[in-house]
Structures are given as structure tokens and as C-alpha cells.
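The values are calculated or read from the model by the stated rules, or taken from the named source; none is laboratory data. Bear in mind that the values here come from a model prediction, so they are computed numbers and not experimental data. For neighbour counting, all protein chains shown are included, and Cβ atoms are generated from backbone atoms with ideal geometry for every residue, glycine included. The accessibility values were calculated without ligands, DNA or RNA, using every heavy atom of the protein model including side chains. Shrake-Rupley method; radii C 1.70, N 1.55, O 1.52, S 1.80 Å.
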Amino acid sequence: MSEVNTTSGRSPSVSDAPSGRPGLRTVITVVAIAGLLLSAVAAPFAQAPTLWGLVPIVLFCALALLGMDIVVATVVAVISALLLMLPSPAEAGSLLGDSLGDDITVIGLVIMLGAGVGEVLRTTGIAATIVQGVMRVVRNRGRGAATLGVMVSCLILVASLGTLAGALAIAAPLLLPIVARLGFTRSATASMMFIGGGAGLALAPFVGSNLAIMDAAEVGYLQYLLYGGGPVAALSLVAGLVIVPWMQRRTQHTDDYYDTAELGATDDGRGPRSGVATAAFGVALIGSLVYAVISEAGITFPLFALPTLGIVAGLAGGLSPTKIASTMYTGAARLIHVFLLFWLLAMLFAGIDALKPFQVILATYGHDLQGLSPFAFALVIAVLGWVGVPGATAAQVVLLDKVFGALAASVGIPAGGWVVVLLFASKADTYGPFPNPNMISAMSLARSESLKNIFYTGLLVLVPACTMYAIILFFVTR
């Protein structure tokens with residue numbers, strides 16, 4: 001396989017897209033100003049719950065997909081939400097402070113820590129050792145085998161830990177040097193990690209939303225897999241083998257490659273203790289995964305696990321405690337903008353939640369469904385949950401089951417069909433229609449900044465998934 005020159009150290013940015021197109025820059029500026037003006041004018045009428053609360057998220061999507069830098073697009077969307085809410089300075093300060101403790105902000109911190117561990121792996125030669133070992137295995141099998149391997153690795157880790165961002169933060173330092181050496185672009189890598197991670201979430205036996213689905217539908221894990229998690233996981237892997245090569249072709253002529261030296265993916269990265277350090281790191285990694293599965297640890301577990309892995313790898317690699325700390329800081333500091341991004345996203349979603357636009361949608365379309373056929377009823381509830389009931393996925397499942405569960409049984413929705421409805425309603429928004437923390441987590445951990453490309457990836461999984469689940473529902477509700 002021919003090597004791709006990936007020595008450029010410049011990080012790509014979505015702002016690169018319009019940099020040479022003044023017309024597009026003008027459009028982006030006009031959209032941003034128009035969105036903020038609309039928010040200011042609508043503020044007197046935006047008493048929660050209100051559909052005006054959709055303005056910030058729609059503005060965010062429009063600006064990011066047009067090519068505005070994602071951090072700047074998020075700032076504009078946050079300002080839009082604040083204009084609609086018209087909070088007092090004290091209330092705005094509380095919103096900023098509360099957002100720091102939000103799970104979304106924690107994801108940003110986890111991503112930073114993952115980058116710190118990656119720098120330790122590079123410095124100690126562990127990354128180079130892993131890359132050389134994997135390259136010997138996949139050298140004659142091509143990129144297709146590597147793509148499947150990355151997706152399955154992410155699937156297993158996410159299914160085991162039950163959290164996409166936390167699991168991918170552990171996987172990224174191991175996977176990025178490998179894909180860099182194989183010549184994958186950042187966008188193609190983000191697609192692999194996102195697709196594999198999403199499939200893992202669908203299969204995870206201990207994740208809260210899946211447990212809530214099994215409880216609501218009164219089914220066991222095997223029946224849940226048969227109707228819900230299994231089909232979408234299999235579809236995702238098959239679709240990924242088509243989507244990732246397409247994304248690679250789409251981005252291969254852009255400056256979207258990794259710096260192999262920075263990731264420790266070069267042949268000269270091994271040190272005298274790299275073999276021992278790799279073994280120690282592997283034992284620590286497996287131990288942390290086993291503990292996470294047994295304890296059913298959540299998103300906060302990587303906050304402890306990642307520094308521990310970095311310390312073990314550094315000590316085994318011959319680094320002093322001071323050197324380990326400085327190395328992890330160096331790696332984490334490269335992604336400080338990601339932490340700020342997720343803090344801003346937490347503020348944005350908190351503002352939208354305060355405006356309660358989806359409550360209006362639920363109240364408007366959540367009644368008068370009893371006359372529908374079982375198939376039509378299932379489709380309506382699935383779509384209503386997808387776009388109309390935001391929040392934590394487990395809470396979505398509980399709410400939908402409480403509101404519509406008895407009605408679903410009365411119109412003849414079987415247990416397998418209710419599994420499909422609840423799974424789609426709670427997880428389809430991972431793939432669209434709006435960008436979300438899981439999507440941005442995979443993008444950031446792959447060190448990509450192209451929201452447009454990860455958004456396309458989500459849609460390319462979502463469309464066949466919608467078709468597949470519609471067919472399943474048609475047969476189980478007959």
C-alpha cells in the first residue's frame with residue numbers, strides 16, 4: 001500500500017471551507033445576523049414553552065453546515081438563546097456556572113484527557129509499537145479490513161462501557177496512529193469511530209436507555225437484540241464499509257490528514273522500554289475495562305481511568321512523574337478548544353431546554369392517535385419521540401412509555417414493535433436531524449473539525465435505518 005504524505009501539522013478547520021469564497025462568507029454573516037435579529041425581535045413573545053426555542057438550534061445547524069467555525073457557530077447560537085430568554089445577569093451567570101457541571105461539558109474534559117494519554121503513548125513509544133504490530137496484520141488486507149477493524153473496536157468498547165465519548169476517548173490514542181499510518185483522513189476516521197460507536201450504543205447491555213426499553217417493553221436482552229439493537233448494529237457496520245470509502249474519496253484531496261510524527265505513528269518512535277510499556281499499558285487498559293463493565297460505570301469513569309492509564313504507561317516507559325504530568329498537559333492543551341466547545345454546547349442545550357420548544361410539539365401532536373392503525377401509530381410515536389422529546393435517552397423512553405404505552409397495547413403494538421419504536425425514538429437523534437454531542441464527540445476525538453462531514457455520515461446511516469425499521473414495524477404490527 002502506498003503511503004500518503006501526512007506530515008502537515010496544520011489542523012483543518014471548518015472555517016477553511018469558505019476561506020476562498022467571499023460570497024459564502026457573506027451568506028454566513030447574513031444568516032448569523034438575521035438569526036440574532038430574529039431572536040431579539042421574538043423575545044417578547046418567547047414565553048416558555050415556545051416554538052421560538054427552535055431558533056438557536058436551527059441557527060447553529062445552518063451556520064455549522066454552511067462552513068462557519070463550529071466554536072463561533074456555537075457562540076452565535078448561545079447568544080440567540082440568551083436573547084430569547086432575556087435572563088438577568090445573575091440568571092445568565094447561573095446558566096454559565098451550571099453548564100460547567102453538565103455531562104456534555106464532562107465529555108469535553110474526557111476528550112482532553114484522552115489527548116493527554118495519547119501524548120504519553122507517543123512519547124514512550126507505545127503508539128509506535130502498537131502501530132507496527134497492527135500494520136503487520138493489516139498490511140496485505142487493505143483499507144477495508146482496517147475500516148471494519150476500527151468500527152468493531154469502537155463497537156466493543158462502547159458496548160462494554162455504555163458511553164460513546166468515554167469509550168472513544170480510550171480508543172482514540174490507540175486508533176489514530178494506526179489510521180494515520182494507513183493514510184485515512186480525519187473525516188474518514190471520524191466516520192469510522194462514529195458509526196462503530198453508535199452501533200455499540202445500540203448493543204450495550206448496561207446503558208440506561210436500553211435497560212429502560214427492555215423494562216418498558218417487558219422483554220429480555222436477547223429479544224431486544226433481535227428486534228432493536230442487533231439490526232441497527234449490523235446495518236451500521238455494513239453501511240460503514242460504503243460510507244467510509246466515500247468519505248475518504250471526498251476528503252483525500254484536502255488538507256485533512258494527520259501528522260504521523262505527532263501521533264507517534266512513524267517507524268522511529270520506539271524506545272528501549274516501549275515493549276514493556278506497551279504490555280503494562282495493555283494490562284491496565286484491560287483491567288480498567290473489566291472494572292467499568294462490572295461496576296457499570298458511567299461517563300465520569302474515564303475522568304479517573306484516563307489519568308491512571310497515562311501514569312501507568314509513563315512509569316513503565318521510564319518517564320518521571322513530573323515528565324508524565326507535563327506530557328499529559330502538552331497533549332491535553334492541544335484540545336482546549338474542544339473543552340470550550342462542549343461547555344458552550346452545554347449552555348446552548350440548557351437554554352433550549354429552558355425554552356421548552358419540544359414540549360409544544362408533544363402537546364400539539366401527542367393526542368388523538370387512537371384511531372390510527374397499529375403500523376401508523378408506531379410510526380407516529382417513533383417520529384414524535386425522535387424530534388419531539390429531547391433529553392437523556394433513558395428519560396425519553398420512560399416518558400414515551402408512560403404517555404403512550406397503554407395506548408400502544410390497546411391498538412395492538414406487540415412487544416417487539418414497541419422495542420423498535422422506543423429504540424428509534426430515543427437513539428435516532430444520534431444520527432440527525434440536528435448535530436448532537438455524540439456526533440461532535442466522535443468528530444473531536446478523531447481531531448476532525450468538519451461538522452458537515454460527520455453530519456453527512458449520520459444521515460447516511462439514518463436513512464437506511466429508517467427504511468429497515470419501517471419494514472420491521474410493518475411486519476410485526478400486521
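Computed from backbone phi, the HN-Hα couplings of the range 208-225 come to x, 5, 5, 4, 5, 5, 4, 5, 5, 8, 6, 10, x, 5, 5, 5, 4, 5 Hz, rounded to whole numbers (Karplus: 6.51 cos²θ - 1.76 cosθ + 1.60, θ = phi - 60°; Gly and Pro given as x).
Could I get the Rg over Rh figure for the chain? Both from C-alpha atoms, Rh via Kirkwood, rounded to two places.
Radius of gyration over Kirkwood radius for the chain works out to 0.98.
Restricting the trypsin sites (Lys or Arg not before Pro) of the range 135-239 to loop positions (DSSP other than H, G, I, E, B) with no more than 16 neighbouring Cβ atoms within 10 Å leaves Arg139, Arg141. Val31 contributes an accessible area of around 40 Å² to the protein surface, as traced by a 1.4 Å probe with all chains present.
Within the range 89-216, the ratio Rg/Rh, alpha carbon atoms throughout and Rh by Kirkwood, equals 1.08. Cross-link reach is defined here as a Cα-Cα straight distance under 24 Å, omitting same-chain residues fewer than 8 places apart; for Lys427 the lysines meeting it are Lys356, Lys402, Lys452. Each helix, a run of at least 4 DSSP H residues, gives -39500 (n - 2.57); summed and divided by the residues of the chain, these come to -24500 deg cm²/dmol at 222 nm. Relative to the first principal axis of the alpha-carbon coordinates of the chain, what is the inclination of helix 374-388, with its axis defined by its Cα atoms, in degrees from 0 to 90 and to the nearest 10? The answer is roughly 60 degrees. Mind checking the angle between helix 142-161 and the chain's longest principal axis? C-alpha axes, 0 to 90 degrees, to the nearest 10. Orientation of helix 142-161: about 60 degrees from the principal axis. Calculated on the alpha-carbon coordinates, the convex hull of the range 29-113 measures out at 106 cubic angstrom per residue.
Taking GluC sites (Glu not before Pro) as exposed when DSSP calls them loop and at most 11 other C-beta atoms lie within 10 angstrom, the chain has its longest site-free stretch at 219-478. At 10 °C and 1.306 mPa s, grab the translational diffusion coefficient of the range 298-363 from Stokes-Einstein with a Kirkwood Rh over Cα pairs, rounded to a whole number in µm² per second. Once the numbers are plugged in, D ends up at 106 µm²/s. Within the range 160-174, list the residues whose amide N lies under 16 Å from a label point set 7 Å along Cα→Cβ of Ile294. Zone members listed by number: 161. Enter the angle in degrees (range 0 to 90, nearest 10) between the Cα long axis of helix 321-333 and the first principal axis of the Cα atoms of the chain, meaning the one along which they spread out most. Orientation of helix 321-333: about 50 degrees from the principal axis.
Each Lys and Arg adds +1 at its Cβ and each Asp and Glu adds -1 at its Cβ; summed about the Cα centre, the chain shows a dipole of about 1120 debye.
Rolling a 1.4 Å probe over the heavy atoms of the protein chains gives the chain an accessible area of 40 Å² per residue. Here the label points at Ala48 and Val72, each 7 Å from Cα along the C-beta direction, are separated by 3.0 nm in the simple model. The Rg/Rh ratio of the range 139-289, with both radii computed over alpha carbons and Rh defined as the Kirkwood radius, is 1.03. Ranking Ser94, Thr189, Ile57 by Cα position along the charge dipole of the chain, where only Lys, Arg, Asp and Glu carry charges on their C-beta atoms, puts Thr189 farthest toward the positive end. For the range 34-77, the Kirkwood radius over C-alpha pairs fed into Stokes-Einstein at 20 °C and 1.002 mPa s yields D = 198 µm² per second.
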